[in-house]
Amino acid sequence: MNLDAHLDNSKKGFLIFAAGLVAFVGGLSFYFAGTAGNKIFGAEPVRMDILDSGFAEISGQGRVAGAFSAQTPSGEASSMPVLVYHGIVDKADGVNVTKQQFLEQMKELAAAGWQTVSLDDFGAFARGDKKLPTKSFLLTFDDGRKDSFYGADPVLKLLGFRATMFVITGSSFNDKTTYYLNRNELAFMRDSGRWDLGAHAQVGHDPRPIDGSGNSGNFLSNRIWLEQKNRLETEEEYHNRVATELSGIKTDLKNQLGVVPAAYAFPYGDYGVDSKNVPNDQNFLLAEVAKNYSTAFTQTRSDTYFTQNYPENSAFYLAKRITVEGNWQGKDLLNAVTAGIAKELPWSEDFSNSKDWVPTWGNSVGQNGVQVLSPTASSTGASVYLDGGNKLSKYKFSSLVQLKAGQSFSLLAAYIDDNNYLSCNYSSAGITINEVTDGRKKEVSSWWFKFPQINSEEISAGIELMDGRARCLLNGKVVLTTDRVSEKLIEGSVGFKVWDPQPDKASLIIKKAVIEPISE
Amino acid sequence: MNSILIAKEVKNPSWFNLILFILASATVFAVVWVKTKTASEFGRDPLLFVYTVFVTVFQLSRIVAAHIFSKSGKYIENSLTSNQANDEYFPSVTFVVPCKNEEKSIAKTVEKCFAADYPKSLLEVIIINDGSTDNTIEVLRESQKAYPNLVVVDWKVNQGKRMAMAEGFRRARGEIIVQLDSDSYIEPETFYQFISPFRHPEIGAVCAHADPDNADQNFLTKIQAAYYFLSFRILKAAESTFMTVFCCSGCSSAYRKNIVLPILDQWLGERFLGKPVSWGDDRALTNWVLRKGYKTIYTDTVLAKTIVPDNLRQLLKQQVRWKKGWFVNSIFASGFVLKQYPFVALTYFFPLIFITIATPVMATKALIYNPIVKGIVPYYYILGVYLVSVAIVLYYRFVSRENKYWPYVFIWSTLNMFVLSFIFYYAMISIQNRKWGTR
């Protein structure tokens, strides 16, 4: 018998053994690669290749942050803007910015001398514990999405910027998620020196049913419908659920990453104001947040007015954020962060750029160095206020305007929001001083006279605000005075308003606006 | 003396084997873990990933083959006819030892040859003094007085190792030729196992197990002791499982004379890129035996000792020489191996060629390019290399618990990863330098 016959046995043995090994190794790999593996060995590692190539793509465009800063900030900031993004996408989707847009936006800010601050520094600034240079801003992202991190991180690295990610712990830590950042990625961010982590939600990000007929409301600001019990949860159940959610995010971040988040961002910016069935529990919600976090963030809403955050001497701070829109270019973002900078007097506007004037009603359009206020097709008037003017007091606000169409126009002062302000109202029948507090309008003083020129001539109109007093000016002269002004209306911004009983008719051309300090 | 034992029986206490088994399972588990961790890097570097998986599977498969080796001895025994098995088998044996300037060690080599546990009348020793310039010839003349069966061929001018070996083969009177390096010897009491396999007519060459005689001389020789053990007891044993050992080591191998004589001229005349090949003579000779259709095997029951380089410069020179020899002979052999030994060609021969060529490229990518250019620290690459080393060490401990050099496997792996694998490319560049670069 020759050896080859025996060799066949060796070959068979080898193949069986090797096949067994391959099957074992393959099977094990398959198992590990699946959910089981994720549980045993943790989530997928950080995709360094994406970060590396992302950085390589943009690093050719100038590496050092200093290369972009045209100006070095000087002085201390009295207010600070906070930006919020939700995602950074590859292709424009109308809601989120693209990678290229994000890069442009950040470079635009850097070139103008803007610098990011850490979440802790923002908190210290907001509570008045720390001064920060002018042109400081806080950059934040909600939801803990992978695309935000992978899109933003190379840009942060390039510019020496820092950002805060608000995490949905239930999504990041439990699932083998491909959409939300996993444990490894969050740990990488924690250690990167470029990211701060904050709380956004545990399980309560998405709306829940609030009745048996399919209506839904935000998780934290509503008592939710208990499907199995066929009833609304009790107040006690609601309170417990909110407490569990808010402390749960913190516990998750601490257990999984050793991070104790100092800040919380309300999903949809709803800090109780959008409640459908517990409208009086807003204070409970804020108090519950304050138990766990020293800073909370909301975002641009129709009921937020001035865009920036001013220090307050309080343990808990509710900060505003500017939601960056998907169609914004770099210039738009720069306008958005500069618009709300606290105005220093004297201050004047030539309307070459009207970014500081925020419309709350109707349209406000800049053209040929003037600003035109006009109603929309269905409204009867239009109004704007000046961002960054909310802390102004003791000033004379004068303007050069022309009422192109409509019955009257107003100059606003002590403007806090659409429900609280003073106004000088000019019409062909005369001039009145109005006071609006908590949405209620009161005529405090008036001077009736024939004033037909109002519809044909340029008018130099003004309003003065002093402690407890207001005066209306016409052609530089005081024409109406009152000292019966609400104590509430001592400081605030300025604005314009135009009105006519007929819809889509009124039109006010604003040519100049000046604010000067005055003393008694 | 009748049995052909070509594998030593493993006699470890069962608790020891159990520990090794548990550790081995843990190692395979860890290897798989590392690979799954790197699987996600597949997107970043698919080539490197496929390569490391391939190499790991290949290396583990070598351990598998080495393990089956212990069975192949029985196969040879079982395939003997009853006549072959029962006859006393004592063929005449000739030692062929080329030497140059070995006045200090050659007397001991001769002495050890004649000390073999074998009928003295059947032993012959041929020493070819290949142009020594020292007193080697005087020492040999002296030895001849004590051993009448010592034949000395004295060449005044050096003609090279291959020529010297051929001269020895031609003059040999023995049926079996034992080829030794001038500083090697065989432990006399294990000698019969060297000859015994030739009882089977298909066996053409037998390679002894070699360990460094100067293993404890210094750190470097200890590392080589570990390297010798794994390259013989694991790699050659794995080759031997399929009875296709591609290199019956020049320091101690036995050949059947009537196979070698007809191929001597072709062997001597081998040229590569127009020049004669001065290294890899042993590998070339073994390949000729395989090409003729005979089996070549390794046995761990015959113990040979040899001297290994004791400094890095000589070790590197030796490695360069071996890699050149391996490369040239792999090219020569690839045709007939694929045709005559397809199984071995596909599971071992060609994968090894691929890995040897690819390793320096991949190591450069993983250890230099990726960290510098992409900022990827090669944790998993290095971890993978050492995990395979752990697997090898565990098997090492399993087959030879008494061999104390196993920790040096890790150092060898380190040396191999950072230095020796790259030497292959140096060897390729300098392939036209045919100097021996003697130790």
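Here are the numbers for this structure:
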| quantity | calculated |
| --- | --- |
| Meets criteria (closer than 30 Å to residue B:400 by Cβ, over 22 Å from the mean Cα position of the chain (by Cα) and in contact (Cβ under 8 Å) with a residue 12 or more places away in the chain) for residue B:53 | yes |
| Entirely in the range B:74-162, the strands (runs of 3 or more DSSP E) that have 2 or more residues that are open to solvent by 20 Å² or more (accessible area, probe 1.4 Å) | B:150-155 |
| Flag if residue A:321 is surrounded by fewer than 20 Cβ atoms within 10 Å (Cβ to Cβ) and either more than 23 Å from residue A:84 (Cα to Cα) or not hydrophobic (A, V, I, L, M, F, W, C) (or both) | no |
| In the range A:207-230, residue nearest to residue A:272 (Cα to Cα) [restricted to those that are in contact (Cβ under 8 Å) with a residue 40 or more places away in the chain and under 22 Å from the mean Cα position of the chain (by Cα)] | A:221 |
| Residue match in the range B:263-278 (condition: more than 24 Å from residue A:13 (Cα to Cα) and surrounded by 24 or more Cβ atoms within 10 Å (Cβ to Cβ)) | no |
| Near pairs, Cβ below 6 angstrom, 6+ apart or cross-chain, from the range A:273-295 (in the same structural domain as residue A:319 (by TED's automatic domain parsing)) to any residue that is part of a helix (DSSP H, G or I) and among the hydroxyl-bearing types (Ser, Thr, Tyr) | A:292/A:247 |
| Qualifying position, being in a loop (DSSP other than H, G, I, E, B) and among the small types (Gly, Ala, Ser), among A:348, A:314 | A:314 |
| Conditions (1) over 22 Å from residue B:182 (Cα atoms); (2) free of Cβ contacts under 8 Å to residues at least 60 places away in the same chain; (3) away from chain A (no Cβ under 14 Å); number of the one not met by residue B:231 | (1) |
| Residue selected from the range A:480-493 under the condition β-branched (Val, Ile, Thr) and either open to solvent by less than 40 Å² (accessible area, probe 1.4 Å) or touching a residue at least 60 places away in the same chain (Cβ under 8 Å) (or both), by the criterion nearest to residue A:453 (Cα to Cα) | A:482 |
| Hits in the range A:439-461 - residues which are open to solvent by 90 Å² or more (accessible area, probe 1.4 Å) and within 17 Å of residue A:480 (Cα to Cα) | A:442, A:443, A:447, A:448, A:450 |
| Candidate set from the range B:371-390 (those that are within 13 Å of chain A (Cβ to nearest Cβ) and of a type in the set (Phe, Trp, Tyr)); member that is surrounded by the fewest Cβ atoms within 10 Å (Cβ to Cβ) | B:379 |
| Extreme residue, surrounded by the most Cβ atoms within 10 Å (Cβ to Cβ), among residues of the range A:117-132 that are out of contact with any Lys or Arg (no Cβ under 7 Å at 6 or more places or on another chain) and part of a helix (DSSP H, G or I) | A:122 |
| Top-ranked residue in the range B:63-73 [being open to solvent by less than 10 Å² (accessible area, probe 1.4 Å) and more than 7 Å from chain A (Cβ to nearest Cβ); ranked as modelled with the highest pLDDT] | B:66 |
| Test result for residue B:195, among the hydrophobic types (A, V, I, L, M, F, W, C), within 20 Å of the chain's Cα centre (by Cα), away from chain A (no Cβ under 14 Å) and assigned to a helix (DSSP H, G or I) | yes |
| Filtered residues of the range B:378-422 (kept if modelled with pLDDT of 90 or more, among the aliphatic types (A, V, I, L, M) and farther than 20 Å from residue B:23 by Cβ) | B:415 |
| Single unsatisfied condition, residue B:35 versus (1) modelled with pLDDT under 85; (2) part of a helix (DSSP H, G or I); (3) crowded, with 18+ Cβ neighbours inside 10 Å; (4) more than 7 Å from chain A (Cβ to nearest Cβ) | (4) |
| Residue list for the range B:48-58, restricted to those being of a type outside the set (A, V, I, L, M) and either farther than 17 Å from residue B:344 by Cα or within 11 Å of chain A (Cβ to nearest Cβ) (or both) | B:49, B:51, B:52, B:56, B:58 |
| Residue in the range A:348-355 that is assigned by TED's automatic domain parsing to the domain that holds residue A:409, crowded, with 18+ Cβ neighbours inside 10 Å and within 29 Å of residue A:519 (Cβ to Cβ) present | yes |
| Count of residues meeting criterion [outside any loop (DSSP other than H, G, I, E, B) and open to solvent by 30 Å² or more (accessible area, probe 1.4 Å)] in the range A:324-333 | 2 |
| Criterion (surrounded by 16 or more Cβ atoms within 10 Å (Cβ to Cβ) and either within 14 Å of chain A (Cβ to nearest Cβ) or under 25 Å from residue B:7 (Cβ atoms) (or both)) met by exactly one of B:424, B:398 | B:398 |
| Residue among A:135, A:146 that alone is buried (at least 21 other Cβ atoms within 10 Å of the Cβ), basic (Lys, Arg) and under 22 Å from the mean Cα position of the chain (by Cα) | A:135 |
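A quick yes/no check of all residues on (1) in a loop (DSSP other than H, G, I, E, B); (2) more than 20 Å from residue A:298 (Cα to Cα); (3) at pLDDT below 90; (4) not assigned by TED's automatic domain parsing to the domain that holds residue A:172:
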position	(1), (2), (3), (4)
A:213	yes, yes, yes, no
A:219	yes, no, no, no
A:238	no, yes, no, no
A:244	no, yes, no, no
A:247	no, no, no, no
A:251	no, yes, no, no
A:255	no, yes, yes, no
A:261	yes, no, no, no
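Yes or no, residue by residue, for (1) within 14 Å of another protein chain (Cβ to nearest Cβ); (2) modelled with pLDDT of 90 or more; (3) in contact with a Gly (Cβ under 8 Å, 6 or more places away or on another chain); (4) in a helix (DSSP H, G or I):
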{"residue": "B:238", "(1), (2), (3), (4)": "yes, yes, no, yes"}
{"residue": "B:248", "(1), (2), (3), (4)": "no, yes, no, no"}
{"residue": "B:262", "(1), (2), (3), (4)": "no, yes, no, yes"}
{"residue": "B:279", "(1), (2), (3), (4)": "no, no, yes, no"}
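The values are calculated or read from the model by the stated rules, or taken from the named source; none is laboratory data. What you see is a predicted model, and the numbers here were worked out from it, not measured in a lab. All Cβ positions, glycine included, derive from the backbone under ideal geometry; neighbour counts span all protein chains shown. Just so you know, the surface numbers come from the protein's heavy atoms only, side chains and all, with ligands and any DNA or RNA stripped out. Shrake-Rupley method; radii C 1.70, N 1.55, O 1.52, S 1.80 Å.
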